[in-house]
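Reviewing the structure listed below.
The values are calculated or read from the model by the stated rules, or taken from the named source; none is laboratory data. As the structure is a computational prediction, the values presented were derived from the model and not from experiment. For neighbour counting, all protein chains shown are included, and Cβ atoms are generated from backbone atoms with ideal geometry for every residue, glycine included. For accessibility, only protein heavy atoms count, side chains too; no ligands or nucleic acids. Shrake-Rupley method; radii C 1.70, N 1.55, O 1.52, S 1.80 Å.
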Amino acid sequence: MGKRLWVERNKDGSWDAYSEDGAHLKFGHGKGVFTPGDLMKIALAGCAALSSQFAIEHTLGEGKGAKIVVDGTYDADNDAYINFNEQVVVDAMDAGLSDEDAEKLKERITRHIDKGCTVKHTYVQETPVRMDVTIRH
């Protein structure tokens, strides 16, 4: 079981998400907040970033990383995303990599993400969600 997370509504209509270890973010609908769909894309990009970090730092040096852009196709009729497109861009201009070394890094990054990205693994399979509703009165 993963760490416990919860959300609470704010008076302004936005929401705050919390984790038992102190993480916090604001979400909702409107300016300056992420929507739940945005958070799905952020989860995918963040997972790829963390999964690829070792391969990139091993080749390019500590503190180097990728810029990962995720978008998705939203199906309004089914109120669901039908796919996500993820672009992993690594700036290795200063590294002087040969074409062969760049291709090896690309392959390593792909392997690391394919092996270690839990979010990607979850999105590519059907994932049942059990929901319980409790009304306190």
Item checked: Mean Cβ neighbour count within 10 Å, used as a protection proxy, ranking 25-38, 54-67 highest first -> 54-67, 25-38
Margin query: Between 0 and 90 degrees, rounded to the nearest ten: what's the tilt of helix 99-116 against the longest Cα principal axis of the chain?
Written below: 30
Check: Any idea what the relative contact order of segment 3-134 is, in percent, if you count C-alpha pairs under 8 Å spaced at least 6 apart?
Finding: 17
Notebook entry, point to check: Considering every pair of different Cα atoms, what Kirkwood radius, in Å, is found for the chain?
Noted result: 17.6
Next item on the list: Please list, in chain and number order, the residues 5+ apart from GLY72 or on another chain whose amide H is under 5 Å from its amide H, with Hs placed from the backbone.
Entry: ASN85
Checklist line | Accessible-area order (highest first, 1.4 angstrom probe) of the listed residues MET40, MET93 | finding: MET93, MET40
Notebook entry, point to check: Using a 1.4 Å probe, how large is the accessible area of SER19, given in Å² and rounded to the nearest 10?
Noted result: 10
Next item on the list: With runs of 4+ DSSP H residues as the only contributors, calculate the mean residue ellipticity of the chain at 222 nm using -39,500 (n - 2.57) per run, divided by the residue total and rounded to the nearest 500.
Entry: -12000 deg cm²/dmol
Check: Expressed as a whole percentage, what fraction of the accessible surface of the chain belongs to carbon and sulfur atoms when a 1.4 Å probe is rolled over the protein heavy atoms?
Finding: 53
Next item on the list: At 1.4 Å probe size, with no ligands or nucleic acids counted, give the accessible surface of ARG108 in Å², nearest ten.
Entry: 50
Notebook entry, point to check: Given the protein chains as shown and a 1.4 Å probe, how many square angstrom of ASP12 are accessible, to the nearest 10?
Noted result: 120
